[in-house]
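The values are calculated or read from the model by the stated rules, or taken from the named source; none is laboratory data. If you're wondering where the values come from, they're calculated on a predicted model, not measured in any experiment. Cβ: placed from backbone, ideal geometry, glycine included. Neighbour counts: every protein chain shown. Just so you know, the surface numbers come from the protein's heavy atoms only, side chains and all, with ligands and any DNA or RNA stripped out. Shrake-Rupley method; radii C 1.70, N 1.55, O 1.52, S 1.80 Å.
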Amino acid sequence: GGTDDQKRRAAERAADLVETGATVGLGTGSTAAFAIRALGRAVEDGLDIRGVPTSFASRELAREEGIPLVAVDEVETIDVAIDGADQLDGDLNLIKGGGAAHAREKIVDAMADRFVVVADPSKVTETLERAVPLEVLPDARTAAAARVSELDGEATLRRAERKDGPVVTDNGNLVLDCEFGQISDPESLAADLSATPGVVEHGLFVGLADEAYIGTDDGVDVQS
Ligand code: DER
């Protein structure tokens, strides 16, 4: 992956966009964490915002940073969402879900009037080709994996590192990481995955991002 400096540059540039009075979607992952910390400093300096966390982790960090929080079901609109990505292509289609938070992330990111992706150059690709995370109801993991195979993919149950057994999401579900190779038509694959019984949410974010801030060693490249 990229360097912390690259991530920080992208995230702080995105945080600078946030105006007082805004409701801000707070993304999940190490890059979005830099934006949450920057917003925390701005709140300390008097910025009046409300944060909408996209995961237990982002809520915990936002609370530590003193950002006033509101739950996603308490807001009608979100002005701007700042979130990371595991991969993004030239059309701003994303693969997300490295942190297994993509179900709530997609709710918040899709609600936002402006969804800004923050990333380092290692995330940028011509064609999406990383594994696509699926959040699945535990009982559906076998059926969903079988459907992924029919779609010429290969599903792997995401194992936890610091606990025995699989990763369990904030919503109590399991994650299948699904390899499809080069994904030349993300929209079509996204539709197939959404139609798969037991799939709560997949990590293809098609047509949702409004712009991407890519932190480099000497600045920020903006893609829109
Ligand atoms: O889990 C997620 O969707 C995260 O946003 C992930 O895609 C990016 O995490 P990173 O900024 O730590 O690489």
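Figures for the structure shown
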{"quantity": "Those trypsin sites (Lys or Arg not before Pro) in region 105-210 that DSSP places in a loop and that have at most 11 other beta carbons within 10 Å", "calculated": "Arg162, Lys163"}
{"quantity": "Region 1-102 - convex hull of alpha carbons, volume per residue in Å³", "calculated": "104"}
{"quantity": "Among beta bridges that DSSP assigns inside the chain, antiparallel share in %, nearest 5", "calculated": "55"}
{"quantity": "Cα shape, region 68-149, gyration tensor, a/c 1.5 rule", "calculated": "oblate"}
{"quantity": "Surface per residue (accessible, 1.4 Å probe) for the chain, Å²", "calculated": "47"}
{"quantity": "Overall Cα dimensions of region 2-41 - principal axes, largest extent first, Å", "calculated": "32, 17, 14"}
{"quantity": "Exposed-loop-free span, longest in the chain, where GluC sites (Glu not before Pro) count as exposed if DSSP calls them loop and at most 16 other C-beta atoms lie within 10 Å", "calculated": "162-224"}
{"quantity": "The chain pair-distance distribution - Cα-Cα, 5 Å bins, rounded %", "calculated": "1, 8, 16, 19, 19, 16, 12, 6, 2, 1, 0"}
{"quantity": "Apportionment of accessible area to carbon and sulfur, region 17-104, percent (1.4 Å)", "calculated": "44"}
{"quantity": "Cα pair distances exceeding 20 angstrom across region 135-224, given as percent", "calculated": "46"}
{"quantity": "Computed E for Glu187/Val75 - FRET, C-beta separation, R0 35 angstrom, nearest 0.05", "calculated": "0.80"}
